[in-house]
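K.L.:
I'd like to ask you about the structure that follows.
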Amino acid sequence: MMVERKYHLLEKINTPDELKQLTPEELRRYCDELRSYIIEACSINPGHLASSLGTVELAAALHYVYATPEDKIVWDVGHQTYPHKIITERREAFLNQRKKGGISGFPRMDESPYDAFGGGHASVSISAAFGMAKAAELRGEERHIVAVIGDGAMTGGLSFEGLNNAGASRNTNLLVILNDNNMAIDRATGALKSYLVKITSSRHYNRLKQRVWAVLSHLPALQRFLQKAGTATKQVLLHNSNLFESFNFRYFGPIDGHNLPELIRTLQALKRVKGPKLLHVMTTKGKGYTPAEQDQTTWHAPGCYNPETGERIKSSRSTDRYQDVFGQTMIDLAKADERVVGITAAMPSGCGLQQMMSQMPQRTFDVGIAEGHAVTFAAGLAASGVIPFCAIYSTFMQRAYDNVIHDVAIQNLPVVFCLDRGGLVGEDGATHHGTFDMAAYAAIPSLTVAAPRNELELRNLMFSAKEAGHPYMIRYPRGMGEGVAWRDQPFTLIEEGRGEKLREGEKIALLTVGTTAGNGAKALDRAAEEGIHAAHYDLRFVRPLDTALLDEVAARFERVITVEDGSLRGGVGEAVAAYLHEKGYRGEVIRLGVPDRWIRHGTPQELHAECGFDVEGILQAIRK
């Protein structure tokens, strides 16, 4: 891929050390070119655009002031790191970011020494950076450690755990930069959002801040006095204590995150301030590109577009996305049963709950980036007679595993978990693949785990889960369905633990779970053309397994092939093989799925082929 424009300064700067040689005016022009480069590159090779446009000046100022990679910058989350990657020796590699074999769209320690810590999930930066700062303190090293966290990620409980612990270590040199743009992927929510608005809208406080920083920048000797006086002054002007200073962090800001001179001056001054401190920076998501500024949610990850006009190039699709099926089905269920409510953890548009939020705002809850709280909140609702549907991406649900066990499953509460993005999700890579859910949750007593093979099954499983009266989990993939009609279809109750025979055959039985049925059916069609007539069964349930179906398979077939878009280790195939072995089955069992290693980024089709359960991989197993 070629980027056509000429970037005179950008093409000369390959490292942070070279960036430091620029004059203030050159640095401003460099940032303008950097922003244009990201806009143009992402128009052809899509990625997370708006968040990174908002951090161009911040990334440049950080690398201009700090001696990276010796000084450490921990980014939270990776959505905002494109400027950082380009500044740190990856300008050309950026053109292939998120492609198979290319660089990741997120920070990776094994990709660059400038990526101080991996950042695919939110809220990890403060804890990780505090660990690095404490390590430097233990070794007696003079090293600056910076955590850059978005206001959306600050809603995660881990952020406050990190603040609480770091604030008690008064001698540990740590800077937390709160990148406040009032957005996560969707608009920020919760009490913290209101608190930050209160800080930034205080006219008297902002006026005082400007005066304080004018003095602080030129008279370092007054720092300690001003820091002590600052807390009391802010209490008077804001009529309450500062949240961050309650954690023993010295609070500075808010400042304009697009004002390079102010950013650089502030960061240089803060290098001389010891102990834990927090700089509140105001930025605009999508800064410098009008379409992204005007529709920040859509332009978080807009796909391909015309960089000149902002016209998005929408891919033609003839089927509905699974998140759309979930969203409409939630509305249908809620209209029929007043006990039904919806919960999401900062992903209303991503999971499809936005439709219900607009129609039934009192029965939908966006709890912020707080998956553990979402699950326990759902448990509290269920304990009071409500039927909560808790919609969370599979990979993010990993952070709520204990809540699922302790707060829901042990107490047998009727919470319905809808796990979007199950399986290999594609270009976001290892941090976002939902490959462990079936293996992890199938081990939990009283929890039913199901995987629909198409849109209609998702709709009917959601209805069946509502009627179950106990914990129920439904996992389904990212993206388009199979094209099966589902809208306005009457609900059908699906019996728990019952699979379905899809195709008769002999000698070989193909057992698929979830949407792997599609590739399985195509592979069987091709096998039939070669004279191999294998049977096809859809397991549908991960827990409980359909033992009657497995008994039939054991009695009739010489070879069994299982296919799952999930971890082979501890997965459905292992469970099937164990059951058949216990029953004395002497035939061959072949398991296809995600192998026991980290799978990096690429298109889902490329990754399915890499793991051996695309159509060709299944066909080869049948031929064997």
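K.L.:
Considering only the range 615-624, I want to know if a residue exists there that is at pLDDT below 95 and in a loop (DSSP other than H, G, I, E, B).
P.N.:
Checked the range 615-624: at least one residue is at pLDDT below 95 and in a loop (DSSP other than H, G, I, E, B).
K.L.:
For the structure I just gave you, tell me whether GLY342 is of a type outside the set (A, V, I, L, M) and in the same structural domain as ALA430 (by TED's automatic domain parsing).
P.N.:
It is true that GLY342 is of a type outside the set (A, V, I, L, M) and in the same structural domain as ALA430 (by TED's automatic domain parsing).
K.L.:
Restricting to the range 5-51, count the residues that are basic (Lys, Arg) and either part of a helix (DSSP H, G or I) or within 21 Å of PRO107 (Cα to Cα) (or both).
P.N.:
Count: 3.
K.L.:
Give the range 106-162 a look and list any residue that's hydroxyl-bearing (Ser, Thr, Tyr) and assigned to a loop (DSSP other than H, G, I, E, B), or say none.
P.N.:
Hits for the range 106-162 are SER112, TYR114, SER123.
K.L.:
State which residue pairs qualify: first residue acidic (Asp, Glu) and surrounded by 23 or more Cβ atoms within 10 Å (Cβ to Cβ) and inside the range 539-550, second residue assigned to a strand (DSSP E or B) and modelled with pLDDT under 95 in any location, beta carbons under 6 Å apart, and separation of 6 or more residues or different chains.
P.N.:
none
K.L.:
Please work out which one of (1) surrounded by fewer than 24 Cβ atoms within 10 Å (Cβ to Cβ); (2) closer than 28 Å to GLY118 by Cβ; (3) within 22 Å of the chain's Cα centre (by Cα) is the condition ILE444 fails and give its number.
P.N.:
The one condition ILE444 does not meet is (3).
K.L.:
Let me ask something additional. Quick one: which of ARG586, ARG556, ARG526, ARG591 is over 24 Å from LEU424 (Cα atoms), basic (Lys, Arg), without any contact (Cβ under 8 Å) to a residue 40 or more places away in the chain and not assigned by TED's automatic domain parsing to the domain that holds SER446?
P.N.:
The match here is ARG586.
K.L.:
Enumerate the strands (runs of 3 or more DSSP E) found wholly within the range 353-438, keeping only those where 2 or more residues are aliphatic (A, V, I, L, M).
P.N.:
Answer list for the range 353-438: 387-393, 416-420.
K.L.:
Kindly indicate whether any position in the range 311-331 is among the hydrophobic types (A, V, I, L, M, F, W, C), outside any loop (DSSP other than H, G, I, E, B), touching a strand residue (DSSP E or B) at 6+ places or on another chain (Cβ under 8 Å) and farther than 22 Å from GLN97 by Cα.
P.N.:
So far as the range 311-331 goes, yes, one or more of its residues are among the hydrophobic types (A, V, I, L, M, F, W, C), outside any loop (DSSP other than H, G, I, E, B), touching a strand residue (DSSP E or B) at 6+ places or on another chain (Cβ under 8 Å) and farther than 22 Å from GLN97 by Cα.
Listed here are the residues, each with its yes/no results for (1) at positive phi; (2) not in a helix (DSSP H, G or I).
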residue	(1), (2)
LYS466	no, no
ARG478	no, yes
GLY483	yes, yes
ILE508	no, yes
LEU511	no, yes
ALA527	no, no
HIS533	no, yes
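K.L.:
Looking at GLY505, GLY520, GLY514, GLY481, which is the one that is touching a strand residue (DSSP E or B) at 6+ places or on another chain (Cβ under 9 Å), at pLDDT below 95 and outside the structural domain of PRO388 (by TED's automatic domain parsing)?
P.N.:
Among GLY505, GLY520, GLY514, GLY481, only GLY481 is touching a strand residue (DSSP E or B) at 6+ places or on another chain (Cβ under 9 Å), at pLDDT below 95 and outside the structural domain of PRO388 (by TED's automatic domain parsing).
K.L.:
A further question on this structure: With respect to ARG459, determine if the residue is of a type in the set (Lys, Arg), assigned to a helix (DSSP H, G or I) and either free of Cβ contacts under 8 Å to residues at least 60 places away in the same chain or not assigned by TED's automatic domain parsing to the domain that holds ALA575 (or both).
P.N.:
Taking the combined requirement at face value, the residue satisfies it.
K.L.:
On to the next question. So if I check each of GLN323, GLN359, which one is of a type in the set (S, T, N, Q), surrounded by fewer than 20 Cβ atoms within 10 Å (Cβ to Cβ) and modelled with pLDDT of 95 or more?
P.N.:
GLN359
K.L.:
Something else about it: Please go through the range 221-266 and pick out each residue that is farther than 13 Å from LYS277 by Cα, at pLDDT 85 or above and out of contact with any Ser or Thr (no Cβ under 8 Å at 6 or more places or on another chain).
P.N.:
Passing the criteria: ASP256, ASN259, LEU260, PRO261, GLU262, LEU263, ILE264.
The values are calculated or read from the model by the stated rules, or taken from the named source; none is laboratory data. Keep in mind that what you see is a predicted model, and the values were worked out from it rather than measured. Cβ atoms come from the backbone with ideal geometry, glycine included; neighbour counts cover every protein chain shown.
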